[in-house]
Structure formats: structure tokens, C-alpha cells
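Q: Here's a structure for you.
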Amino acid sequence: MLFHILHFDLFINPIIGLCFVFVACYFIFKRVESRLQSLPGPTRWPIVGNIPDLAFTRQTYRRLLEFRDKYGDIVQLRLGPNLTVVAVFGHKYLYELLVENGDKTKYRPSWLHLPKKLFEETGVLWSNGEEWSSLRKFTINALKELGFGSTSIEKRIQQEAGHLIKAIQSEGKTETDLKKFIPKAVSNIISVIVFGDRFEYTDEDFLELLENLDYIFTNFGYQQPSIFFSFMEPVDFSAQIISENMKKIKEYCRKQVKWHEETQKKGVVRDFVDMYLEQIGTENGTLSERSMFQIIFDLYAAGTETSSTGLLWIVLYLIKYPVVQTKCAAEIKRVIGLDTTVQFSDKEKLPYVTATINEVQRISTLGALSLPRSSLEDVEIDGKVIPKNSVIIPHIYSAHHDKTEWQKPEEFKPERFIDKDRHIIKHKAFYPFSIGPRACPGKQLGEMEMFIFTVSLLQEFEFKSVIPPDDLDIEGLQTGVTLVPASYTVKVNSRHKITH
Ligand code: HEM
């Protein structure tokens, strides 16, 4: 019947017939064109695309490395019917992507469902355009003015290292989990910068803030279905908790901002919030009140989990490789002693310690997949086209393990960062804080925290594994955004009682 109608219509009406042929050709052409333009990648399932390839693992960075082995350094996946995801591997292509094409790829895919809802396209972590560039500029300047890199923040880190050591000592245990202490110390540095003061480690507000942040960090990741699809939100329970936790954190920020407004004195800038409020008050100020809560959240989120995970990785490698720990401690004892307060400028004088910290950052790569990027136009890398509006995953872990850049990259060898004159080597394929115009603005702060906290802890303690070091697991767990070490327990001995 249908055939008869069609046959009749096409026969008697050549215009309808031509339209029909034209539409059919168009769809066939589009399908062939998309196949031809497609970058290599695993076969897609109908409708869901490659969702099943990623959905059943939380070790996304490992799964992507398996695809790289099969399909090469630029791999394309399709999530659902429309969303294109492109993962880029190896130093050569990452440099092209993030630096040479940095202006094109500096965007976040802030239009993805869950990030759009949570970040409301504001703040510095997940926004784009004018909003992002003015907030980023403001943040970098504010951090500089508040003593970023100068003595005041350094002093606060040194003081906080003292609190951290006291907290570990007063627990009175010889075996402990440092995860109970390190995030509090690191988060207090952001608290000082943003709100002007630190919290006691037992403060209820502080503990709640850290618990909420921890949940967000351990659960916000590529494995969450509502990141990409709004219709999955009602069954994505972790997304609902993340949303609740973000509200609670912003509520806390609101209280702090109110207190700052009430106590602020003209011309006196105590912290980041004061600077921001002053800027809102000016005639040509470009910043909004709405962005303020988001940017405070961003600094806490980006500045707490990262540096504290970095420190937990450092201690893990120090107990896995006790010889390295002994060498670090000996260098510290010889050069600055066990009782002197360490300065950030001691880095050059302590090349073995600095090299050890670098090597831990390289081999563990806590920001293994960095943060996702996007581009508003097609981007060509070595003749291959990454389509516009794709979600781009810069696989930084692969650059840190790139066999063309590093000798035996799977081996832990701090010496690879030291030259024959005992100076630190700047490797071009080493970028734990990412590279290009969207790289981490907290790099200097993160480096300062990791150096001062590590040296201070090693001046005070000798750390040992409670299980044979060979049995310690060093495979990172991709719980959310970062690669974290599996939980471990350390024996803590006072170094002042040890005679080497
Ligand atoms: C070990 C410590 C840290 C590591 C490994 C780290 C790593 C990273 C990475 C890989 C990115 C993504 C950059 C990109 O998209 O290319 C990033 C972004 C960011 N980080 Fe860090 N970070 C650390 C510490 C900090 C600290 C202490 C702060 C606080 C000031 C901070 C603030 C930020 C912000 C605000 C962004 C977003 C920048 C933007 O989108 O423009 N980070 N970080």
C-alpha cells in the first residue's frame, strides 16, 4: 500500500520525488562524511555510543591508555548519540594542544549538564569568556598581593607545618593515617588566603567543610552519568549529594562574607574576600557578587584536595623507597639542620628533596586527566581534526610516562631531575600543573606547600611502612577528578631520637 502511494506520488509529482532523493542523499552523505572525518576510536554501540566502554570502570585514565595502545595518540569516543569526546596522549600532541593551540582550547565544556548546573557558568574553574578571564586575572593578582610567593604566605605555611606536626604528635600513636591531618593543614592555607584566618583542626564548621569537599572530589568525575545527560539526574544520587554539599559550602561562605562586610575598614585589606568586596564597590569593577561565592568555592576545591593528595603521594613513596627517604633526611640535616625553619628559597640548596618531590609528582600524576577542555572551532593536531565543541581530555599522565621523553618512565628515580652540577633539570614533558593559558594559577602555592610541609615533616619524623614496602600498593585510584593513593598506615618515629 505504502509502496503504491509513494510510487504514485513520485510518478505524478517529480518535485516530491526530487525532494525525497535529495533528503536521502543528504543523510547518506552526512553519515559517510562523519565516518571519513572521524578520528580513530573504539566501535560505537547504537544510541549509547561508547558509554559502556567507560561506564564500568572508575580507572578512566587506565581505560583510555588501553584505547591509546589500540588506536594511537588521538582517540575519539562518542557518548550517547551526539557528544564527541577526544583524548589526547603523549608530550608532543599535548604541547600542540595546550600551548600551540592554547587560545583555541582554553575553554571548559561548561555547557555539560552537571557542571552547568553546579557552577552556573561562573567562577574560575568552569567558566569561559569574559567571566573567566576577568576572574582569573583578579585571582592571580590577588594571590600575588596577598603574599603569594612573598614572605607572608610562606610564613603561614611554616606556622601551619608546626600545627600539623603538633597534631600528629599529640595523637600519641606510633602508627597513623596521615589523611586525618594533611588535608586540614593544606586547607588552612586557603582559609588564611581567602578568609584571613586558620581553623583549629577540631572546629565543627571546618570539619563539615572538609567532609563536604571530600565527597565532591571523590565523586565528581567522568563516571557520573548526569555529567552528560540531564535525564539521568533523578537516578544519579551522588550528583544530588554533590549539589547539596556545594550549597552548604556556599552557605558557609555567605556567613563569612557577611562578617567581612560588617567588619571591613576602608583601605585595610585583610584577605581575598576584602579585596573582592572592595573591587565590587568600585565604579568600573567588573566582578559580581554572584561570582564571589563560586570563586571562593573554586579556590577551596582546587587548592585543598590537590596539594594534600600530593603530600600523601610523597609520604607513600618515601615509605615505599626508604633509601630515598634516608637520602632526603640526610640532605636536610646536612644543609639546613633539623631545627631551622625551612624557607621556600632552600629548594636549590636541597636538590635531592626537590627532585624527589618532582619525581613523585611525575610518576603519580595526581591530575592525570587534568580538567576537561573544549574548543569553539575545529582544532588540527598533526593533520588530525578535533571537531569543535568536543570534550577534550588532555592525558597528562601519558606525557609523564612518555617513553620518547623519559628513560624507563615506570621506575621511581629522583636522580633523573638532577644534573651533574646538582642543579634541578627542567624537563619539557613535566607539567603536573598543566601548561598553556589555562594552566593552574595555584602552581607556586602548591609547590611551596609541598616543599615546606615535606621538609618540615622530615625534619621531625621518620616514616616507615607497617607492611613490607614491596607490598605497598602504588597504583592510583581515580576516585573523582584526582588520582589518589590507596589508604595506607605509617609508623611515625621522632627523628630527634634517631641517631644515624
Ligand atoms: C599539587 C597541587 C596542585 C596541582 C597538581 C594542580 C593541578 C591543576 C591542574 C592540572 C589544573 C587544570 C589546568 C588545565 O585545565 O590545564 C588546575 C587548575 C586550577 N588550579 Fe590547580 N593544582 C594544584 C594546586 C592548586 C592550588 C593550591 C590552587 C589555589 C590557589 C589551585 C587553583 C587552581 C584553579 C583556580 C584552577 C582552574 C584554572 C582555570 O580554569 O583557569 N591549584 N590545577
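Listed here are the residues, each with its yes/no results for (1) within 14 Å of the ligand (Cβ to nearest atom); (2) closer than 24 Å to Pro183 by Cα; (3) free of Cβ contacts under 8 Å to residues at least 12 places away in the same chain.
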residue	(1), (2), (3)
Ala301	yes, yes, no
Leu311	yes, yes, no
Tyr321	no, yes, no
Thr326	no, no, no
Leu371	yes, yes, no
Leu376	no, no, no
Asp382	no, no, no
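Q: Need a quick list: helices (runs of 4 or more DSSP H) entirely within segment 258-376 having at least 2 residues that are at pLDDT 95 or above.
A: 289-320, 322-335, 351-364
Q: Quick check on segment 173-184. Is at least one of its residues acidic (Asp, Glu), more than 16 Å from the ligand (Cβ to nearest atom) and within 27 Å of Lys464 (Cα to Cα)?
A: yes
Q: Here's a follow-up. Being touching a Ser or Thr at 6+ places or on another chain (Cβ under 9 Å) and either of a type in the set (Val, Ile, Thr) or farther than 24 Å from Thr218 by Cα (or both) is the filter here; which residues of segment 51-76 pass it?
A: Within segment 51-76, Arg68, Asp73, Gln76 qualify.
Q: Continuing with this model, one more query. So which of Ala399, Ala429 ends up being among the hydrophobic types (A, V, I, L, M, F, W, C), open to solvent by less than 10 Å² (accessible area, probe 1.4 Å), assigned to a loop (DSSP other than H, G, I, E, B) and within 16 Å of the ligand (Cβ to nearest atom)?
A: Matching residue, one of Ala399, Ala429: Ala429.
Q: Moving on to the next point. For segment 130-142, state whether one or more residues are outside any helix (DSSP H, G or I), open to solvent by less than 10 Å² (accessible area, probe 1.4 Å) and of a type in the set (Ser, Thr, Tyr).
A: no
Let's see how each residue does on (1) out of contact with any strand residue (DSSP E or B) (no Cβ under 8 Å at 6 or more places or on another chain); (2) within 12 Å of the ligand (Cβ to nearest atom); (3) not in a helix (DSSP H, G or I):
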position	(1), (2), (3)
Tyr93	no, no, no
Leu98	no, yes, no
Thr105	no, yes, yes
Lys116	yes, no, no
Val124	yes, yes, yes
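Q: Also, quick follow-up: Going through segment 205-229 one residue at a time, which ones are assigned to a helix (DSSP H, G or I), more than 27 Å from Val490 (Cβ to Cβ) and not small (Gly, Ala, Ser)?
A: Asp205, Pro225, Ile227, Phe228
Q: Tell me, which residue of segment 335-367 that is of a type in the set (Gly, Ala, Ser) and out of contact with any strand residue (DSSP E or B) (no Cβ under 9 Å at 6 or more places or on another chain) is surrounded by the fewest Cβ atoms within 10 Å (Cβ to Cβ)?
A: Per the criteria, the residue is Ser345.
Q: Something else now. Determine, yes or no, whether Phe195 is out of contact with any Phe, Trp or Tyr (no Cβ under 7 Å at 6 or more places or on another chain), farther than 30 Å from Arg63 by Cα, open to solvent by 10 Å² or more (accessible area, probe 1.4 Å) and within 16 Å of the ligand (Cβ to nearest atom).
A: Answer is yes for this residue.
Q: If you take the residues of segment 35-46 that are modelled with pLDDT of 85 or more and of a type in the set (A, V, I, L, M, F, W, C), which of them is surrounded by the fewest Cβ atoms within 10 Å (Cβ to Cβ)?
A: Trp45
Q: For segment 368-386, name all the residues that are open to solvent by less than 10 Å² (accessible area, probe 1.4 Å) and either within 24 Å of Lys155 (Cβ to Cβ) or among the polar types (S, T, N, Q) (or both).
A: The answer is Ser374, Ser375.
Q: Would you confirm, using the coordinates I've provided, whether Phe67 is away from the ligand (no atom under 16 Å from the Cβ), touching a residue at least 24 places away in the same chain (Cβ under 8 Å), not in a loop (DSSP other than H, G, I, E, B) and not aliphatic (A, V, I, L, M)?
A: yes
Q: Further question: Would you please name the residue that is nearest to the ligand (Cβ to nearest atom), looking only at residues in segment 432-466 that are touching a Gly at 6+ places or on another chain (Cβ under 9 Å) and open to solvent by 50 Å² or more (accessible area, probe 1.4 Å)?
A: Out of the qualifying residues, it is Cys440.
Q: Does Ala429 satisfy the criteria of being hydrophobic (A, V, I, L, M, F, W, C) and touching an Asp or Glu at 6+ places or on another chain (Cβ under 6 Å)?
A: So Ala429 fits the description; yes.
Q: Right, next: Condition check: touching a residue at least 24 places away in the same chain (Cβ under 8 Å) and within 16 Å of the ligand (Cβ to nearest atom). Does Val490 satisfy that?
A: no
Q: Now, a different point. In segment 42-64, what count of residues is obtained for those that are part of a loop (DSSP other than H, G, I, E, B) and without any contact (Cβ under 8 Å) to a residue 60 or more places away in the chain?
A: The qualifying residues number 8.
Q: Please go through (1) in contact with a strand residue (DSSP E or B) (Cβ under 8 Å, 6 or more places away or on another chain); (2) among the hydroxyl-bearing types (Ser, Thr, Tyr); (3) more than 29 Å from Thr404 (Cβ to Cβ) for Tyr61 and return the number of the only condition it doesn't satisfy.
A: With respect to (1) in contact with a strand residue (DSSP E or B) (Cβ under 8 Å, 6 or more places away or on another chain); (2) among the hydroxyl-bearing types (Ser, Thr, Tyr); (3) more than 29 Å from Thr404 (Cβ to Cβ), Tyr61 is out only on (3).
Q: Here's something else I'd like to know. Pick from Phe199, Phe231: which is free of Cβ contacts under 8 Å to residues at least 24 places away in the same chain and closer than 24 Å to Val268 by Cα?
A: Result: Phe199 is the single residue among Phe199, Phe231 that is free of Cβ contacts under 8 Å to residues at least 24 places away in the same chain and closer than 24 Å to Val268 by Cα.
The values are calculated or read from the model by the stated rules, or taken from the named source; none is laboratory data. Worth saying up front: this structure is predicted, and the values here are computed from it rather than measured. Note that we place each Cβ from the backbone using ideal geometry, even for glycine, and neighbour counts take in every protein chain shown. Areas reflect the complete protein model, heavy atoms only, side chains present, ligands, DNA and RNA absent. Shrake-Rupley method; radii C 1.70, N 1.55, O 1.52, S 1.80 Å.
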